[in-house]
1. Against the definition (assigned to a loop (DSSP other than H, G, I, E, B) and not hydrophobic (A, V, I, L, M, F, W, C)), how does Arg280 come out, yes or no?
2. Quick one: Trp112 ticks every box in (1) crowded, with 22+ Cβ neighbours inside 10 Å; (2) of a type outside the set (Val, Ile, Thr); (3) modelled with pLDDT of 95 or more except a single one, so which number is it?
3. Could you identify the single residue in Thr145, Thr185 that is in contact with a strand residue (DSSP E or B) (Cβ under 6 Å, 6 or more places away or on another chain), in contact (Cβ under 8 Å) with a residue 40 or more places away in the chain, among the β-branched types (Val, Ile, Thr) and surrounded by 15 or more Cβ atoms within 10 Å (Cβ to Cβ)?
4. Within the stretch 84-130, track down each residue that is aliphatic (A, V, I, L, M), assigned to a strand (DSSP E or B) and touching a strand residue (DSSP E or B) at 6+ places or on another chain (Cβ under 6 Å).
5. Before we move on, is Leu66 surrounded by 18 or more Cβ atoms within 10 Å (Cβ to Cβ), under 17 Å from Thr195 (Cβ atoms) and among the aliphatic types (A, V, I, L, M)?
6. Check the stretch 202-215 and report whether any residue there is surrounded by fewer than 15 Cβ atoms within 10 Å (Cβ to Cβ) and within 26 Å of Thr290 (Cβ to Cβ).
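The values are calculated or read from the model by the stated rules, or taken from the named source; none is laboratory data. From a predicted model like this one, the values you see are computed outputs, not experimental measurements. Every residue, glycine among them, receives a Cβ derived from its backbone with ideal geometry; neighbour counts consider all protein chains shown.
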Amino acid sequence: MADQFDVIEAGQSGRRRWIGLLVVVAVLSVPVVGLIASRAPEPLPAQPTPQPIRSLTRLESPPNILQVPSRGAKGGDEVIEVVFPHGVRAEVRYPAELDLAGMGSRPFQGVWIDGVYRQFVAPYNGEVEITRGGQPIRNYAPNVTLWPRQAGSGPYGQVLLFTFEKWRLAMYDRGQGLTFDQRVTVARAMKGTVTKGGYLVLSAGGTVRLAEPGETAQGDPVGPQLWFGGGAREMIALVPTPGCAKKARMPFVIDGRGRPAASVCRGDVQVAVTGPRWFREKALEGIRVTVKERAS
């Protein structure tokens, strides 16, 4: 090796010198490349994402909102057909400025598990709001996963995430939490079907009972509801409430947002709203709800 270097350095100028220089570079690069390659870690095999979570990115996980087409009505109003989580259909007429169709709706449903109350909420931003790019603790059913307690969630504990076709429903446990057997029970008992229009209809059985219209828990209505809007925007909740004029209670999701809120009864459906003054007034004066038959 020493002779080779001596020859190169003592060689004549011109083409032979350039050839010798290239040889030196080639010889020196071999051990350097080998050293780098030996220190580079081996690539780890790709880990499959646990089912049923298909995506952990916001772009691929659209908001948990259903937007349906509206039709025009007299007086500058619009009309949309809705289906509540207990399967009852209704026609909602509203001033076009409110744009309920554009706001989109999502279901809410309270549930009793062995006499213990919990609630099912459709996270506004979909599953990523629960998963945070992580992995579930375990699966309780093919469509039910368990996730860690979320930071800043107050008294709430771990989260059960349910998948019903396009819908994601979160059941936030509390404090001491349900037992393992109770979690398995609710995971197996809760069923969801999606109507042709995209609305989610829920059912349950055994020791799991869905809260009925008009039921309350700690003064808050917990029966089936439809929530329009959310996030940092204005919001409207339609709450089926038999005897609404005497029994209606303001939903916490509306008056607990730290913004002015108001409500009105339209037959047996409460219309609760929060947002700017013009929006509240327009909603209370202009929204009409006509209840029809159960969804097929």
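1. No.
2. Unmet condition: (1).
3. Details: Thr185 fails: in contact with a strand residue (DSSP E or B) (Cβ under 6 Å, 6 or more places away or on another chain).
Going through Thr145, Thr185 in turn, just one is in contact with a strand residue (DSSP E or B) (Cβ under 6 Å, 6 or more places away or on another chain), in contact (Cβ under 8 Å) with a residue 40 or more places away in the chain, among the β-branched types (Val, Ile, Thr) and surrounded by 15 or more Cβ atoms within 10 Å (Cβ to Cβ): Thr145.
4. Within the stretch 84-130, Val88, Ala90, Val92, Val111, Ile113, Val121 meet the criteria.
5. Yes: the conditions hold for Leu66.
6. Scanning the stretch 202-215, I find at least one residue that is surrounded by fewer than 15 Cβ atoms within 10 Å (Cβ to Cβ) and within 26 Å of Thr290 (Cβ to Cβ), so the answer is yes.
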